[in-house]
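Notes to accompany the following structure.
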Amino acid sequence: MFFYESTRNSNVKVTSKEAIINGLSQEGGLYVYPDLDTIRVNLEKICQQSYIENAIDFLQLVLPDFSKEEISYCVHAAYDDHFDTPEITPLRKVGDVYVLELFHGPTSAFKDIALTLLPHLMQVALRQQHKKALILTATSGDTGKAALSGFQDIEDIGIMVFYPHQKVSDIQYRQMATQEGKNTFVYAIQGNFDDAQSQVKQLFLNEELQTFAKEQNIILTSANSINIGRLVPQILYYFESYKQLIQTNKIQLGDKVAFSVPTGNFGDVLAGYYAYLMGLPVSKFIVASNVNHVLTDFLTTGVYDRNRDFIKTISPSMDILVSSNLERLLYYMSDHDTAFVSQCMSDLKVKGRYEIGEALLKKIQSLFVCGYLDDVKTKEVIANVYQNDHELVDPHTAIGIGVAQTMNLKPVVCLSTASIYKFAGDVCHSIGVDSLDGWQAMKYLESISNQKIPSNLANLQNQPILHTEIISKDEMKSKVQLVMEEMNDD
Ligand SMILES: *Cc1c(COP(=O)(O)O)cnc(C)c1O
């Protein structure tokens, strides 16, 4: 039953249910399934089934202590009604690349694919332990809304989201402030994202708060991308893109495909690597970054160094200097060397850098290639794709496409992680239309593109603001206590 272990200590073994409830292992490691490469996915069968059928088959393989009934319940709850297309993740040809659209979910964020499913997995896992959970999330914008929407009205789970006051876009603010559901709590924090994030981390480590939570029979946990419940739903769409290439006769079963992935925390591209370990024919993974190109440097030199300035870009979801999920790649590529992984992560914490040896770097480079684009180049890609192919893409997607274009890998699937309407102002600017505010920019894009404004965004203007609290980061702890009491009141 204990299929998962920690990347930093192989004696720490847990079930997949425990891994989903805990999020992170106690000594700081991430949960991994050691023998992932012994799981074989039946590609031929995948190519004949729907997304939902495939999700049910697939998740049973990677979450073995969930019953078939439990998985089936969770998959239907997540994917039956919440996506605006039956393919869930449709593949489209744009010029000479294929674009895998991951933004058809309830909040138009790619994170919806996992965050529609995780709450149900967590609820099923909690039931067995007769406990409740409270999710604490710091967000720079997108994750907060996707998490709120996923956890809305899920019984026995509460969710608190903290975002930096006046430092999210108008659309992101409205998405969060209009959130319904009696178990959702949203706060603007005086400070920046790092303040909110570091305070949330402090709260998890706060003994007084943890004791209080125990008394209330509530587990404090997170829904960020290190949770295996966030990671495993993402593996499937790599297989789904392969299925769509087969079904449209673009490739034959067994042909290798390259994937270009706009990368931040390394969760999305890691999910692709998991698909590869389980048998998906992959030629290369292209790790595409913006000017915060820690990963490009790492994959080129073997040195991971976060000691550099943080640069704000037009692809904010990739503005990240510590790509947490890289730890899992190191674990697999080093043949489960948990002592080595621990040393790297401790160096990262203490010195802000670590270095891997030549042999390991070569091994990683045989599968992972990389590149980055600055904002100017990113806008050029958006303009070129619009001019040549009459398609619009958002800045994150443009980075994946642009980096792929510098390499000669075919066929290549570029993962599209955001709707153009989430970044409408920058998309307009890229194609030479300036100074429209968020709503005007959305309207303009709709007038020139074949993608309609998703209803969840179109409706935002009419919805009442339900969350108005602005607090200092020192007030977060008492808010968490209040919410825990409230959860046990009803
Ligand atoms: C989260 C996000 C990414 C980065 O994904 P990771 O799994 O963190 O690498 C890229 N693009 C968008 C739009 C995102 O929201």
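Throughout, read-outs are computed from the coordinates displayed, never taken from laboratory work. In this text the structure is predicted, and so the values were computed from the model without any measurement. Using ideal geometry, Cβ is built from the backbone for each residue, glycine included, and neighbour counts are taken over all protein chains shown.
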Is the shape of the stretch 271-413 rounded, prolate or oblate, going by the alpha carbon gyration tensor and its root eigenvalues a ≥ b ≥ c, with a/c under 1.5 for rounded and a/b larger than b/c for prolate? oblate
For K410, list the lysines whose Cα falls under 20 Å from its own Cα; do not include residues on the same chain fewer than 8 positions away. K93, K243, K250, K256, K284
Quick check on the chain: of the DSSP beta bridges with both residues there, what percent are antiparallel, nearest 5%? 25 percent
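Around G105, under 13 Å between beta carbons, what's the net of Lys plus Arg minus Asp minus Glu among the other residues?
Neighbour charge sum, excluding G105 itself: -4.
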Expressed as a whole number of Å, what is the distance separating the alpha-carbon centroids of the stretch 434-479 and the stretch 1-66? 35 Å
Global geometry of the stretch 277-359, whether rounded, prolate or oblate, following the gyration tensor of its Cα atoms and the 1.5 cut on a/c: oblate
Along Cα→Cβ, 7 Å out, is where each label goes; now give me the distance between the ones at Q48 and S346 in nm to one decimal. 5.3 nm
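Could you please rank D194, D305, placing first whichever residue has the fewest other Cβ atoms within 10 Å of its Cβ?
Numbers: D194 12, D305 16.
So the ranking, lowest neighbour count to highest, is D194, D305.
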Farthest towards the positive end of the dipole of the stretch 1-104, among L100, C47, G29 and with Cβ unit charges of +1 on Lys and Arg and -1 on Asp and Glu, lies the Cα of G29
Ellipticity estimate at 222 nm from DSSP helix runs (n ≥ 4, -39,500 (n - 2.57)) divided over the chain, nearest 500: -13500 deg cm²/dmol
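Could you tell me which of rounded, prolate or oblate describes the chain, using a ≥ b ≥ c as the square roots of the eigenvalues of the alpha-carbon gyration tensor, with rounded for a/c under 1.5 and, failing that, prolate when a/b is larger than b/c and oblate otherwise?
rounded
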Between the alpha-carbon centers of the stretch 163-224 and the stretch 382-420, tell me the distance in whole angstrom. 34 Å
If packing is taken as the average number of other Cβ atoms within 10 Å across a peptide's residues, how do 383-392, 320-329, 5-14 rank, most packed first? 320-329, 5-14, 383-392
Please list, or write none, the lysines whose alpha carbon is within less than 29 Å of the alpha carbon of K473, excluding same-chain residues fewer than 8 places away. K111, K131, K132, K145, K167, K182, K201, K214, K312, K349, K351, K422
